Amino acid sequence: MFDKVLIANRGEIAIRVMRACKELDVNTVAIHSDEDEKALFTKFADEAVPLNSSILAKSYLDVEKIINIAVDTGADAIHPGYGFLSENPTLGELCDENGITLIGPRKNAIEAMGDKITSKQLMNKIGVPTVPGDKEGIEDVDVAKSRAREIGYPVIIKSSAGGGGIGMRVVYEEDELVRAIESTQNLAKTTFGDGTVYLEKYIEKPRHIEFQVLADNYGNTIHVCDRECSIQRRHQKLIEEAPSPIMTEELRERMGESAIKAAKSVDYNSAGTVEFMYSNGEYYFLEMNTRIQVEHPITEAITGVDLVKQQIKVASGEKLEYTQDDININGHAIECRINAEDPLNDFIPTPGKILGYRSPGGIGVRMDSGVYNGYTIPSIYDSMIAKLIVHARNRDEAIARMQRALNEFIVVGVKTTIPFHKALMKNENFRKANLDTSFIEENQMDLRTAIEQVVVEDEEKINQYKSTFLPNKKIAAISTGVASYMTRIMEEQEKAKK
Ligand code: MV4
């Protein structure tokens, strides 16, 4: 096992990794930007080293600076968390050159899965289902036209270097095809420096189901079951649950086998996630994320596997402690991402100082967070306040537990997405698990009305909290619950339809 791990990340995930390290009796080094000097994760670490900048390229994305700190502090491994350098092949390369172990997959796996055409070709070769369509980039628009006719409209143009929803366009008829190809090529070239695009059948309203995988250096690869991640907005997940409500033993067996095959095809040797789209009984490989993901705790809840601990252990050369037969599902877990955002104003970030804070707790509740009362949520990073995870015997009880935990959660000073999640828990379609990737769009009217109601109720509660715990503080009223400009526009649209 390692002596000392440097965590090349910030916020809740830095703390999550440090907790795993402590249970393994491993020392931790935090690195932090100027902006993060007072962040909670710096206090959790055995040592905290300043990056002396708040510019991303000179702080959390500065590979050389981070490697130098690892060398100087005597760290023998680096954990990149998610985002930032987690899928950057250069980090692993520089680690190798400096005798440091990267807690993550090898460079070739990151690169093969980072290129969508390469990974799709690989999946086709090994018999993992992919969406019908091109296996090569578009070179000639006339060939593309005939391919689109064969497949049938609608089709989608995707950039090979893209991912996570960036650089895609849906095409409903032939007239739009050439323009869509050209604009996607241009976008891909400017964003990724690679203008390669390809075409496939557009799957309408798919569910997004992903499989957690774990692999070691000795070819042992298992899946740690599925997560349902369909409820997202502009490719940002809002809530995840495990297992997927539509999963059957038989489907899990097949999709799990595909996930393992996908991981093995790139000699995977860490924790990773294989994403699929699911529609009408069919599933299709989408991409593989070669990192630990935000939503990994729901998998930990239902399987009891500490994914980060396993990830660290396999990186240090230990064998996986689980076989596939050891993985069993116990109950149901839900994670709500609580962000400093205004759900009634297009989810715009609402950074600022937390003036009062009450964290939920009790049976079946886990809070992964990097904030505290008095902390100022910076505007230069993502706006997550906490991941609230609940675990219960079944989906209905998990929803009830989440409602109970959300009702305990109080944040004073900044608007949050807590009202959104409360509204979601009450939504009939959500409760019936009647959901797909269009859920937010299709339920936005009902959700908005419910959120507005919750905001009014919460204001009362927040005022009570303030008069009890913050009697002498003058705090400007937040979350007024008055119908916003957007609401009025949407109401007008709704009326016009009728
Ligand atoms: C698709 C699709 C429909 N048909 N591909 C979005 C993220 C990127 N990795 C792939 N994405 C999609 N690819 C075909 N052929 C619909 C999406 C999609 C989506 C996929 C997963 C989760 C959420 C999504 C939201 C909108 C669109």
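Specify which residue in the list Ile15, Met168, Ile156 is farthest towards the positive end of the charge dipole of the chain, using unit charges on the beta carbon of Lys, Arg (+1) and Asp, Glu (-1), about the Cα centre. My answer, from the dipole projection, is Ile15.
Remark: the chain carries a charge dipole of roughly 1300 debye about the Cα centre, counting +1 on each Lys and Arg Cβ and -1 on each Asp and Glu Cβ. Since only Tyr283, Thr303, Val365 are under comparison, the one whose Cα sits farthest along the positive direction of the charge dipole of region 252-390, derived from C-beta charges on Lys, Arg, Asp and Glu, is Val365. Surface composition of region 4-103: carbon plus sulfur atoms hold 45% of the accessible area, using a 1.4 angstrom probe and ignoring ligands, DNA and RNA.
Solvent-accessible surface of region 4-103, averaged per residue with a 1.4 angstrom probe and all protein chains in place: 40 square angstrom.
Suppose R0 equals 41 Å; then what is the FRET efficiency for Ser183 and Thr376 from their Cβ-Cβ distance, rounded to the nearest 0.05? Taking R0 as 41 Å, the efficiency between Ser183 and Thr376 is 0.55. Accessible surface computed residue by residue for region 209-367, with neighbouring protein chains in place and a 1.4 Å probe, gives 34 Å² per residue.
Once the piece of chain linking Glu397 and Glu150 is laid out straight, how much longer is it, given 0.36 nm per residue of separation minus the C-alpha distance between them?
Here the segment from Glu397 to Glu150 would lengthen by 84.2 nm.
Using the Cα centre of the chain as origin and beta-carbon charges of +1 (Lys, Arg) and -1 (Asp, Glu), tell me which of Ala75, Ile181, Val26 is placed farthest towards the positive end of the dipole. Result: Val26, furthest along the dipole toward the positive end.
Using 18 Å as the cut-off for backbone N distance, which residues of region 102-139 belong to the label zone defined by a point 7 Å from the Cα of Glu93 along Cα→Cβ? Output list for this probe position: 102-115. When the solvent-accessible area of region 156-283 is split by element, carbon and sulfur atoms take up 45 percent of it, the probe being 1.4 Å.
Among 253-261, 315-323, the peptide with the highest mean count of other Cβ atoms within 10 Å heads the list, and the full ranking is 253-261, 315-323.
Ordering of 144-152, 401-409 by packing is 401-409, 144-152, highest average first (other Cβ atoms within 10 Å, averaged per residue). One chain, two ends: Lys58 and Val170. Fully extended at 0.36 nm per residue, the span grows by 36.6 nm beyond their Cα-Cα distance.
Take every DSSP beta bridge whose two residues both sit in the chain, then give the antiparallel share in percent to the nearest 5. So the antiparallel bridges in the chain amount to around 80 percent. Highest mean packing first, where packing is the average number of other Cβ atoms within 10 Å per residue, the peptides 266-279, 20-33 line up as 266-279, 20-33.
The values are calculated or read from the model by the stated rules, or taken from the named source; none is laboratory data. As the structure is a prediction and not an experimental result, all values here were calculated from the model. So basically every Cβ, Gly included, is an ideal-geometry build from the backbone, and we count neighbours across all protein chains shown. Keep in mind that these areas ignore ligands, DNA and RNA; they rest on the heavy atoms of the full protein, side chains included. Shrake-Rupley method; radii C 1.70, N 1.55, O 1.52, S 1.80 Å.
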